[in-house]
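Read through the structure below, which is laid out as C-alpha cells, and then see the notes.
The values are calculated or read from the model by the stated rules, or taken from the named source; none is laboratory data. None of these values were measured; they are calculated from a predicted model. Backbone-built Cβ (ideal geometry, glycine too); neighbour counts: all protein chains shown.
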Amino acid sequence: MTKIALIGKPNVGKSSLFNRIARRRDAITSEVSGTTRDVKRGEVLLNETPALLIDTGGLDDSSTLFTAVKEKSLEAAKEADIILYMVDGKMLPDEEDKKLFHALQKLGKKTALVVNKIDNDRQQEEIGWEFTAFGAKDLFFLSVSHNRGTRKLINWLESQIPEEERVSAEPELVEDEEDFALEEVLAAEEAREAGELAEEEEENEIKIAIIGRVNVGKSSLLNALVGEERSVVSEVAGTTIDPVDESMVYEDKIFTFVDTAGIRRRGKIDGIEKFALNRTQAMLENADIALLVLDASEDFTELDERIANLVEKFELGCIIVLNKWDEAKHDYETSVQMVRDRFRFLSWAPVITVSALSKKRVHRIRDLIKEVYAHYTFRIPTSQLNEILKRTNKKHQLPSDHGKVTKIYFGTQFDIKPPRIALIMNRPKSLHFSYKRYLINQLRNYFDFSGSPIVIEAKKKKSDEDFT
C-alpha cells in the first residue's frame, strides 16, 4: 500500500489535513504548537483508492523533546512513497523551510509542496509567487479549515499511486441495527451446538490498549513490545498526546497496540489533554485487552484506581503490568498484595512485573495477551453451563422475591468479548448483584477466565405471563 507522509514545522495544519483526507477526527488538532508528538498512521481512501497516510510531529529543534519528534518525522519521510511538505501560507517562507524541502527532495520520493491557510484567490495571488522559490514541480495552495483546494490535492495523490493498487473498495455491508429477539439468539446457539451452523470465524487481530497515568512508562513498554523505537519517549510527563497504534505479528495473531495518552488528575487536565482523555476513552471502546501500567517504584494512587475503573467500564480483558520493577519500592509478595487490596474489582486480572527500559520479562506479556484473549473469547457450551447452574443453585439457592419463588429456567452464553451469559428467569429484576457475583465466581472455578470479565444479564422469557 502506498505510504504518504505529512511533513512540516509545528502548527502548519498537518493533523487537520490528516483528518480532512481521512474524513474522521482521528488526529488531535489544536492551536498549540507541537500538538502531534508521535507518528500517526491511518488507512484512507483517495476517492476509491486505498493508501496509508502518516501524520508526523513538527520539525522543531527548540527542545530535547522536539528534537526526538523531528527524528521520528524524518524517519517517516524515508519510509514513505509520497511526501507532502506543508508550510503556513500566512507567513513568508524561510530559508530553513527551503533547506528541509530540498533535503526531502533528495530522498528520491515524489515530493509536493502544500501551502496551507490560503483562504481565497486574492491571498494566493498576493503571496503565491513567494513559494515558487522552493522550485517544487507540484505545488498546491489550500485552506484545510475551509476545505479549499483539498479535492485537487486528493486527486493528485490518487494519480501518483501505481495502477495495480487502484482497486475500488468493496462496499461495506451494514447489518440491521435491530437486535435479534432472545429466542432467535437461543435458537442459533442450539443450532451451533448441534453442528447446524458453522463455528464463528476466529479473529486473528487482538487490539490492546496501554493505559496508565502520566510517566509510568507506557511508551517505553510499547517500544519494548514491538521491538523498535515507535513512540517518542521523554522525561517530560505527558509526552504522548495522540493515541499511537502499532501492529506486530506474534505466532498466529496480529497484535495492534494503542499507546494511549497518560491521564492526570481531573484538576490538571486542560487544553489539548481534554481531547487526549476523550480520545483515550474512544480507543478503549474498540479495544479487547487493556495493559494497566502501574509504577512499581511508587505507592499506588487514587488516580491509578480511577484509571483502572476504565477497564471495568469498557468491559475489557486486563493484564496488570508493574513497570519499573528494577526500582521497586516493595518486594513481590507485598506489591501483589497491595495490587489485590487496591484493585479488588480486578481480582481476576493477572499481574506481571517488568522493566520496560531493560526489557526484562516484557516478552512474557505477549504470551499472556494470547492467554487472556482466549479466555475473553471463550464460549461455554449451553449444556455445561446449565449443569453448573443446577449445581450452584443446589449449593446456594436463589433468594426469594418478597416471599415469591424466584427461578432460573436456563442459561446460555449469547456473546463473547467479554463472555455474556443470559439467565432466563421468572423474575429477572429480583436477581441480586451478590448472587450474580456468586455465579461468576462459580464459573471461574469450572473454567479458566483469568484476565477476562464475565457479564451476567437476567432476562424474562417472552412467553411468560406476568408473575407479579
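Is at least one residue of the stretch 349-362 in a helix (DSSP H, G or I), at pLDDT below 95 and surrounded by fewer than 18 Cβ atoms within 10 Å (Cβ to Cβ)?
no
Could you tell me which residue of the stretch 439-468 is modelled with the lowest pLDDT, considering only residues that are under 13 Å from residue 413 (Cβ atoms) and part of a loop (DSSP other than H, G, I, E, B)?
The extreme case among them is 447.
Could we say that residue 409 is aromatic (Phe, Trp, Tyr) and surrounded by fewer than 18 Cβ atoms within 10 Å (Cβ to Cβ) here?
On the way: aromatic (Phe, Trp, Tyr): yes; surrounded by fewer than 18 Cβ atoms within 10 Å (Cβ to Cβ): yes.
Here the answer is yes, as residue 409 does meet what is asked.
For residue 396, are the conditions met, namely being touching a Pro at 6+ places or on another chain (Cβ under 9 Å) and either at pLDDT 90 or above or of a type outside the set (Phe, Trp, Tyr) (or both)?
On the way: touching a Pro at 6+ places or on another chain (Cβ under 9 Å): no; either at pLDDT 90 or above or of a type outside the set (Phe, Trp, Tyr) (or both): yes.
No: the conditions fail for residue 396.
Among the numbered criteria (1) among the hydrophobic types (A, V, I, L, M, F, W, C); (2) farther than 30 Å from residue 332 by Cβ; (3) at pLDDT 95 or above, which one does residue 389 miss?
(3)
Name the residue that is nearest to the chain's Cα centre (by Cα), counting only residues in the stretch 392-406 that are surrounded by 12 or more Cβ atoms within 10 Å (Cβ to Cβ) and part of a helix (DSSP H, G or I).
392
So, of the residues in the stretch 86-109 that are among the charged types (D, E, K, R) and surrounded by 13 or more Cβ atoms within 10 Å (Cβ to Cβ), which turns out to be nearest to residue 120 (Cα to Cα)? I'd like the intermediate steps shown before the answer.
Step one: list which residues in the stretch 86-109 are among the charged types (D, E, K, R), which gives 88, 90, 94-99, 106, 109.
Within this subset, residues satisfying the condition of being surrounded by 13 or more Cβ atoms within 10 Å (Cβ to Cβ) are 88, 90, 97-98, 109.
On the way: 88: 14, 90: 12, 97: 23, 98: 24, 109: 30 Å.
Filtering the stretch 86-109 for residues that are among the charged types (D, E, K, R) and surrounded by 13 or more Cβ atoms within 10 Å (Cβ to Cβ), the one nearest to residue 120 (Cα to Cα) comes out as 90.
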